[in-house]
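Encoded as structure tokens, the structure appears first; notes follow it.
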Amino acid sequence: MKVPFLDLTTTHLEIQDELSAALQRVIHSGWLIAGQELSSFEKEFAESCGVKHCIGVANGLDALFLLLQAYGIGPADEVLVPSNTFIATWLAVSRCGATPVPVEPLDGTYNINPAAIKAAITTKTRAIMPVHLYGQVADMDPINEIAREHGLIVIEDAAQAQGAEYRGRRAGGLAHGAATSFYPGKNLGALGDGGAVLTNDPEIAAKIKRLRNYGSEVKYQHDEIGCNSRLDELQAAFLRIKLSKLDSYNARRREIAAAYNHGLANLPITLPEVPEWALPVWHLYVIRCANRDQLQQKLAERGIGTMVHYPIPPHRQKCYEAFSHYNMPIAESMAAELLSLPMSPTMSDEQVAFVIDSVRAVLR
Ligand SMILES: *Cc1c(COP(=O)(O)O)cnc(C)c1O
């Protein structure tokens, strides 16, 4: 038996008739950019997240960057970011000229530690960017409370958390604004690149609509220095189909995670910690293991694909050489010990059982 780390092909083959119909619809409409599919998707996705405005853009990194830009964050500013995130969270801050300031996560949930946020605030701090890592929301109430006390903006990086909930409310609607990504491997993935900004603030929404479109509201009239960051009609049409199935995909991910939780108990590994207020969507199922590389190798020999998220923390990357003096022991031990097991909504029960049996056999 083979178990790929992520199987997008099976998902897309299951819905290929609907995807083909969407392609035909877009071809026949003759409208390829900024049309009905985009505005319908924006409306549908905003509703599903419980927020007023959704603005489709070209990718998740642009969504993060445009939000920071819309809030006027720039060269003199510091933005608090997790020490253990995908590099895009940091890159968005650097791209607007501000300085990312790493904050360590809680050792159990791997999400940003509110107490560590408090300790990292300086007179230059303007914003906090929690990441809902691996599909589980960060502890937003204390983060928003700290932000209120210090007059800071909070921007959720919800790229890994479409459909995840915090105390019954969906990720994307838990702060001033949120950015998400429709990179194919995300829980809500396009058949190419895509992203979106979510916010309840009508002025920020209007500003991002201009910024994504050359800083223009009226054609050939440019009020600010914008960029070109679009979610095209075809991707929007595909995303509408996949959005209609997101809840069932996430439900299947929860079943798989429950099976892993049960089947992998009582082994010398640490399983994911889920606080009682969190309803994760299991973008990734991540275990912690002292002999990670060996486990990964042995699973590969049995035909099981796994990955490491992420092998090098941002402050250890060449592009962030200037940050190499930071000592981030939790992020560094995560990079050395975490392993992501196969997770796709199309995984069969047999595949899940095979992963469990294989991990047990290797660790025995
Ligand atoms: C994927 C991802 C992004 C970036 O999204 P892209 O669409 O690939 O630009 C940002 N932050 C996190 C946490 C991600 O996982």
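The values are calculated or read from the model by the stated rules, or taken from the named source; none is laboratory data. Just so it is clear, the model here is predicted, and its values are computed rather than measured. Virtual Cβ from ideal backbone geometry, glycine too; neighbours counted across all protein chains shown.
With respect to (1) over 18 Å from the mean Cα position of the chain (by Cα); (2) within 29 Å of Pro342 (Cα to Cα), the lone exception for Pro82 is condition (1).
Elements of the type helices (runs of 4 or more DSSP H) sitting completely within region 1-52 and holding at least 1 residues that are within 30 Å of Glu203 (Cβ to Cβ), at pLDDT 95 or above and among the hydrophobic types (A, V, I, L, M, F, W, C): these cover 36-49. Residue check: Gln36 meets all listed conditions (1) surrounded by fewer than 16 Cβ atoms within 10 Å (Cβ to Cβ); (2) in contact with a Lys or Arg (Cβ under 7 Å, 6 or more places away or on another chain) but one, namely (2).
Of the residues in region 254-312, how many are among the acidic types (Asp, Glu) and within 30 Å of Glu165 (Cβ to Cβ)? Residues that pass the stated criteria total 3.
Restricting attention to region 304-342, and to residues there that are assigned to a loop (DSSP other than H, G, I, E, B) and aliphatic (A, V, I, L, M), which single residue is surrounded by the fewest Cβ atoms within 10 Å (Cβ to Cβ)? The extreme case among them is Ile312. Could we say that Ala190 is within 16 Å of the ligand (Cβ to nearest atom), small (Gly, Ala, Ser), touching an Asp or Glu at 6+ places or on another chain (Cβ under 6 Å) and more than 19 Å from Ala278 (Cα to Cα) here? No; evaluated as a whole, the condition is false for this residue. Evaluated against (1) in contact with an Asp or Glu (Cβ under 8 Å, 6 or more places away or on another chain); (2) within 16 Å of the ligand (Cβ to nearest atom); (3) of a type outside the set (Phe, Trp, Tyr), Val197 falls short on exactly one condition, (1).
Take the residues of region 53-86 that are in contact with a Lys or Arg (Cβ under 7 Å, 6 or more places away or on another chain), among the aliphatic types (A, V, I, L, M) and more than 10 Å from the ligand (Cβ to nearest atom): which is modelled with the lowest pLDDT? Residue satisfying both the conditions and the ranking: Ala76.
Residues in region 218-229: is at least one within 14 Å of His53 (Cβ to Cβ) and more than 14 Å from the chain's Cα centre (by Cα)?
No, the conditions are met nowhere in region 218-229.
The number of residues in region 151-171 that are more than 14 Å from Glu47 (Cα to Cα), away from the ligand (no atom under 12 Å from the Cβ) and in a strand (DSSP E or B) comes to 4. Checking each residue in region 255-294 for being in a helix (DSSP H, G or I) and farther than 23 Å from Phe86 by Cα picks out Glu255, Ile256, Ala258, Ala259, Tyr260, Asn261, His262, Gly263, Gln294. Against the test of being within 16 Å of the ligand (Cβ to nearest atom), of a type in the set (D, E, K, R) and closer than 19 Å to Ile73 by Cβ, the options Arg212, Arg148 yield a single qualifying residue, Arg212. Residues that are in a strand (DSSP E or B) and within 16 Å of the ligand (Cβ to nearest atom) within region 120-134 comprise Ala127, Ile128, Val131, listed in sequence order. Candidates are the residues of region 182-219 that are hydroxyl-bearing (Ser, Thr, Tyr) and either modelled with pLDDT under 95 or assigned to a strand (DSSP E or B) (or both); the one that is nearest to Ala70 (Cα to Cα) is Thr199.
Given the options Ile112, Ile117, name the one that is without any contact (Cβ under 8 Å) to a residue 40 or more places away in the chain, within 16 Å of the ligand (Cβ to nearest atom), among the β-branched types (Val, Ile, Thr) and over 20 Å from Asn59 (Cα atoms).
Just one listed residue meets the conditions, Ile112.
The residues in region 39-57 that are surrounded by fewer than 24 Cβ atoms within 10 Å (Cβ to Cβ), touching a residue at least 24 places away in the same chain (Cβ under 8 Å) and more than 15 Å from the chain's Cα centre (by Cα) can be counted, and the count is 9.
The criterion of being in a loop (DSSP other than H, G, I, E, B) and within 19 Å of Pro82 (Cβ to Cβ) does not hold for Pro345. Checking the conditions here, which among Ile256, Ile304 is more than 23 Å from the chain's Cα centre (by Cα) and farther than 23 Å from Ser94 by Cβ? Checking each option against the conditions leaves just Ile304. Taking every residue in region 175-186 that is over 11 Å from Val197 (Cα atoms) and touching a residue at least 24 places away in the same chain (Cβ under 8 Å) and pairing it with any residue that is part of a strand (DSSP E or B) and near the ligand (Cβ under 7 Å from one of its atoms), at least 6 positions away or on another chain, the pairs with Cβ-Cβ distances below 9 Å are Phe182/Gly195; Tyr183/Gly195.
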